[in-house]
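Read through the structure below, which is laid out as structure tokens, and then see the notes.
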Amino acid sequence: MRTRILVLVTLLANGACALYGEDDGGDGDSGSGQLCGGISGRSCPSDEFCDYPVEHACGIADGGGVCRTRPSACPENYAPVIGSDGQRYDNACFAHAAGADDCGAAPAP
């Protein structure tokens, strides 16, 4: 029974991640697209970050993500976020460049 549940969860997670992985943010370079995070705790290559779908709460709920290429340049707009590494960043792009996903707006200091 446990094996059947694990297989079902894996299939559902892979399907959700594959759907999410089709969105590359409009930059045309989505990275390797390999699955990351989740129960397996897979890591991305050093030049990528694990991009979690919103419903997976930055991996907190054992949800997996998809590896995306780290940006090499970011806009200087100030829209602070908390990264999946617990750090505060000036915007989501800076979090991604540091190898973390953006997990929502950062509270005021």
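The values are calculated or read from the model by the stated rules, or taken from the named source; none is laboratory data. In this text, all values refer to a predicted model and were calculated from it rather than measured experimentally. FYI the Cβ positions are ideal-geometry reconstructions off the backbone, even for glycines, and counts take in every protein chain you see.
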Those residues that are under 10 Å from the mean Cα position of the chain (by Cα) and within 15 Å of Gly31 (Cα to Cα), I need them from the range 49-102; list them, please.
Phe49, Cys50, Asp51, Tyr52, Gly65, Val66, Cys67, Arg68, His96, Gly99, Ala100, Asp101
Filter the range 35-55 for residues that are surrounded by 16 or more Cβ atoms within 10 Å (Cβ to Cβ) and either in contact with a Lys or Arg (Cβ under 8 Å, 6 or more places away or on another chain) or not small (Gly, Ala, Ser) (or both) and give the result.
Leu35, Cys36, Cys44, Glu48, Phe49, Cys50, Asp51, Tyr52, Pro53
Could you grab me the full set of residues in the range 35-48 that are at pLDDT below 95 and not in a loop (DSSP other than H, G, I, E, B)?
Leu35, Cys36, Gly37, Arg42
Single residue of Gly104, Gly59, Gly83, Gly65 found to be at pLDDT below 95 and touching a His at 6+ places or on another chain (Cβ under 8 Å):
Gly65
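If I filter the range 80-104 down to residues being charged (D, E, K, R) and crowded, with 17+ Cβ neighbours inside 10 Å, which single residue comes out as farthest from Phe49 (Cα to Cα)?
Selected residue: Asp102.
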For Leu19, only one of the following conditions fails: (1) of a type outside the set (Val, Ile, Thr); (2) modelled with pLDDT under 90; (3) assigned by TED's automatic domain parsing to the domain that holds Ala92. What is its number?
(3)
